[in-house]
1. Output the residue which, of all residues in the stretch B:15-25 that are surrounded by 17 or more Cβ atoms within 10 Å (Cβ to Cβ) and touching a Ser or Thr at 6+ places or on another chain (Cβ under 9 Å), is nearest to the other protein chains (Cβ to nearest Cβ).
2. Can you tell me which of (1) open to solvent by 10 Å² or more (accessible area, probe 1.4 Å); (2) in a strand (DSSP E or B); (3) more than 14 Å from chain B (Cβ to nearest Cβ) is the one A:VAL98 doesn't meet?
3. Within the stretch B:249-307, take every residue that is part of a strand (DSSP E or B) and not hydroxyl-bearing (Ser, Thr, Tyr) and give me the one that is farthest from the other protein chains (Cβ to nearest Cβ).
4. Kindly indicate the residue of the stretch A:69-95 that is more than 12 Å from B:VAL33 (Cα to Cα) and in contact with a strand residue (DSSP E or B) (Cβ under 9 Å, 6 or more places away or on another chain) and also least open to solvent (accessible area, probe 1.4 Å) among those meeting that condition.
5. Check A:ILE36, A:ILE6 and return the single one that is within 24 Å of B:SER43 (Cβ to Cβ), in a strand (DSSP E or B) and not polar (S, T, N, Q).
6. Given (1) surrounded by 16 or more Cβ atoms within 10 Å (Cβ to Cβ); (2) more than 18 Å from B:VAL107 (Cβ to Cβ); (3) more than 9 Å from chain A (Cβ to nearest Cβ), where does B:ASP28 come up short, assuming only one miss?
7. If you check B:LEU152 against the conditions, is it of a type in the set (A, V, I, L, M, F, W, C), in contact (Cβ under 8 Å) with a residue 40 or more places away in the chain, open to solvent by 60 Å² or more (accessible area, probe 1.4 Å) and closer than 30 Å to B:TYR241 by Cβ?
8. Among all residue pairs at least 6 apart or on different chains, which show Cβ distances below 6 Å where the first residue, located in the stretch B:228-256, is of a type in the set (Phe, Trp, Tyr) and the second is at pLDDT below 90 and open to solvent by less than 40 Å² (accessible area, probe 1.4 Å)?
Amino acid sequence: MQPRIILDSKRFLLTLDRLCFQLIENHKDFNKTVLIGVQPRGIHLSDRLHARLQEVTQKSILYGIIDPTFYRDDYRTSEKQLIPKATTIKFSTANKTVVLIDDVLFSGRTIRSAMDALLDFGRPAKVELLVLVDRRFTRQLPIQPDYVGKIIDSLTSERVKVDWKHIDGTDRIWILPDKTSHP
Amino acid sequence: MNALSVNHLLGIKYLTPEDIEIIFESADEFKEVLNRPIKKVPSLRDTTIVNLFYENSTRTRISFELAEKRLSADIIHFSASGSSVKKGETLLDTVNNILAMKVDMVVMRHPSAGAPVFLSKHIDASIINAGDGTHEHPTQALLDAFSIREKLGTVKGKKVAIIGDIRHSRVALSNIFCLKKLGAEVMVAGPPTLIPMFIESLGVQVEYNVRKALEWCDVANVLRIQLERQEIQYFPSLREYAMYFGINKKLLDDIGKEILIMHPGPINRGVEITSDVADSKYSIILDQVENGVAIRMAVLYLLSGRR
């Protein structure tokens, strides 16, 4: 099977906008809500959503990034060495609603470790999950997103890749036949 | 940028510049962890570490212990005094007995140079050298270079003078390897009797005049006179050493330039460095101690994944 694009740049932008408006519907003025992007790839999405949300609401919205590496359950079994990335949370999450943001939801293990990491910064009133791509039927833990850009059905062996305009030149989502191939 | 090239930290000699960079980048993130309200992460919760100390230590031992606790590892302490070493047990037997109790990593300090290298050839567990004789003290060199990088932005191209008892110092040797690998210029300075012969072959400059060394450098790493390792007298008296090779405020004021002052501790105040310098704003001695925990967390974390 050839690599194929499942979301082109036009629909990609529409999807980001829809996610923004869904967040605004539920969080109104974001007084008690903070956005937290999950390292490494979730922060591209969270950067974009945070900028767009501030543009639409004309408000400053608390935003941080979190690295779940130290909380992962596969740091020793993983073939690659897991090198930590930056965590920047310059506010308390206590009694706030936290929206965790990641690009692709697959096994759910990253989100599990991100939630553990998050609890070290205070006890949030509520944690929600926003993902750009939800790969259904591949979950290994009981974790479901609250906001989804696109649901896709894929084989475990396939790989979903998100391209970002500021890195790869175009916004789009690929599905690749196996974990090693590149478009 | 993805993995260390080694399974043990036996010395800086065995690391590549990329390894050092990976350790620094991880230490940056651990330093952030250490400034959180909850200073602990669960990364090593399934790892047991033995701290094997055949030689006295305060700073290094506490620093390793804190690093291990902040990573949620289980730890055991072993000191040669009060153990079966006194009954004649060999190093290898002692370690094999400890490892038989399912210990995963060994942090060791030993008075003999090369003891960790010897051990690494006979056991599977990851070994971290916490100082072996007058050979190497890799985590100290890493935290020194990390502190320079933190204060000056980079180590590359900086001029670092290592001043004092070079002959008996494992910190000096590890620092030379580490700084050279990171592209710094290194000078050693002190009395001729305390500078080993042929040290130029490591690519360092030698200076016997401390004032000239200070005028040259951006960073002065001042070492302790290790009286416990000096089997013969290398200089007439401590007072004379302090007069000719000690660093004091007047000397620094005369030179009139900003020099970062470092010291691996323990300090002999009034001998190699006076209190007004050790406690001045140019001194980063306590930053070094703080960074030591982050560096050791990074090393333990990265090596624990290498089994």
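The values are calculated or read from the model by the stated rules, or taken from the named source; none is laboratory data. Keep in mind it's a predicted model, so treat the numbers as computed, not measured. All Cβ positions, glycine included, derive from the backbone under ideal geometry; neighbour counts span all protein chains shown. Side chains are part of the model used for accessible areas, which takes the heavy atoms of the whole protein and leaves out ligands, DNA and RNA. Shrake-Rupley method; radii C 1.70, N 1.55, O 1.52, S 1.80 Å.
1. Only one residue tops the list, namely B:ASP19.
2. Checking A:VAL98 against (1) open to solvent by 10 Å² or more (accessible area, probe 1.4 Å); (2) in a strand (DSSP E or B); (3) more than 14 Å from chain B (Cβ to nearest Cβ), the one that fails is (1).
3. Per the criteria, the residue is B:ARG269.
4. The selected residue is A:THR93.
5. After ruling out the rest, the residue left standing is A:ILE36.
6. Checking B:ASP28 against (1) surrounded by 16 or more Cβ atoms within 10 Å (Cβ to Cβ); (2) more than 18 Å from B:VAL107 (Cβ to Cβ); (3) more than 9 Å from chain A (Cβ to nearest Cβ), the one that fails is (3).
7. Answer is yes for this residue.
8. Matching pairs, first to second residue: B:TYR241/B:PHE235.
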